[in-house]
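Before any comments, here is the structure.
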Amino acid sequence: MDDKPDPGTLSENSEVLFSFGVIADIQYADLEDGYNFQGNRRRYYRHSLLHLRSAIEHWNMEGSPPRCVLQLGDIIDGYNAQYKVSEKSLELVMNTFQMLKVPVHHTWGNHEFYNFSRNYLTNSKLNTKFLEDQIVHHPETVPSEDYYAYHFVPFPQFRFILLDAYDLSVLGVDQSSPKYQQCLKILKEHNPNSELNSPQGLSEPQFVQFNGGFSQEQLNWLNEVLTFSDTNQEKVVIVSHLPIYPEASDSVCLAWNYRDALAVIWSHKCVVCFFAGHTHDGGYSEDPFGVHHINLEGVIETAPDSQAFGTVYVYPDKMMLKGRGRVPDRIMNYKKENAFQF
């Protein structure tokens, strides 16, 4: 376990309001260690479950437990589908998560769709939409059933929004459906390669099959929720499997229409930070509008003697990520005009 300063020592004069856990890209499979698609990065398929267990033990032992944990997608690896053990592996990981004493919110990534159809996921334990909060007298903020997105309030004045970055995607969709045809058309318009997972030669390298995007319908919904949060002076944390800010991510890993998502977020004052997974390498940047973009390091590429998870401590004037193992500490100050007066 790393000896890192207690968040209390990093912040004088202010009280922790609450905390939440973050973990990304577990990608468990009952396989020997292997390598990524390019063959240059090691993947620890079996060990990822042990990393998850140690993260859960840590959260369960915290004096003041986190309000919730955000699982940022790719919970089991695509290899499970090849060996026809997707359901068995998912059950094993979900049983591990049951040891956690607080709610976990599951995001869907590309590996979810390598293993399961969207329909299957909607009816599975990976659908945590039942944990959403309704905004009273505000029907516009009820998301459509066409995508997997919702919002919730773990602590007064703090709203978390979970987005579906594969709302536009050719993964997990019936190939005979209009939605599949529409998404394939978008993909091929931007990617002429015969191998659609290859970004070779692309001016917009995010247009590959393992990424996806946000429908206009979902972006309109996001805009409504953020409008509500602005009006009610809430702080907002957004979660997605795919990152949306180029400075914080490898450009090949961004959501197809990341600019559209940024445009919505930048038109509001309430968003503090945007958490994503997918890159495995991690990344961080504060954008020109004061939104902190954090890409969490992936469990799957974390050596057995290290770790990859974090706890975010929320203060009246900032959020502080205390990372474990590969995940570095981060301080995310709120925009100046936006700090709470307690």
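In the context of the full protein assembly, Val252 retains an accessible surface of approximately 30 Å², using a probe radius of 1.4 Å and ignoring ligands and nucleic acids. For segment 16-331, give the share of DSSP beta bridges that are antiparallel, in percent and rounded to the nearest 5; count only bridges with both residues there. Counting only bridges with both partners in segment 16-331, antiparallel ones make up about 55 percent. In straight-distance terms, cross-link reach from Lys185 covers every one of the aspartates and glutamates whose alpha-carbon lies under 17 Å from its own, apart from those fewer than eight places away in the same chain; here that gives Asp167, Asp174, Glu195, Glu204. Percent of alpha carbon pairs in segment 16-331 separated by more than 32 Å? Of the Cα pairs, 22 percent sit more than 32 Å apart.
Simple point charges give the picture: +1 on the Cβ of Lys and Arg, -1 on the Cβ of Asp and Glu, and for the chain a dipole about the Cα centre of about 240 debye.
Of the peptides 104-110, 38-44, the ranking by mean beta-carbon count within 10 Å, highest at the top, reads 104-110, 38-44.
Once both labels are positioned 7 Å from their Cα atoms along Cα-to-Cβ, the gap between Leu184 and Asn123 label points is 2.5 nm. Taking every protein chain into account, the accessible area of segment 16-331 amounts to 40 square angstrom per residue (probe 1.4 Å). Amide H to amide H, which residues 5 or more places from Glu286 or on other chains are under 5 Å from it, using H placed in the peptide plane? Hits under the 5 Å cutoff: His293.
Look at where the Cα atoms of segment 61-120 and of segment 275-342 average out, and the two centres are 21 Å apart. Were the residues from Gln98 through Asn36 laid out at 0.36 nm apart, the gain over their Cα-Cα distance would be 19.4 nm.
Close amide H pairs (under 5 Å, H built 1.01 Å from N) link Gly298 with His280, Asp281, Gly282, residues at least 5 positions away or on another chain. Report note on the peptides 218-224, 123-129, 73-79: ranked by the mean count of other C-beta atoms within 10 Å, highest first, their order is 73-79, 218-224, 123-129.
The values are calculated or read from the model by the stated rules, or taken from the named source; none is laboratory data. Since this is a predicted model, take the numbers as computed values, not measurements. Glycine gets a Cβ as well: all are built from the backbone with ideal geometry, and neighbour counts include every protein chain shown. Note: accessible area is taken over every heavy atom of the protein model, side chains too, but ligands, DNA and RNA are not part of it. Shrake-Rupley method; radii C 1.70, N 1.55, O 1.52, S 1.80 Å.
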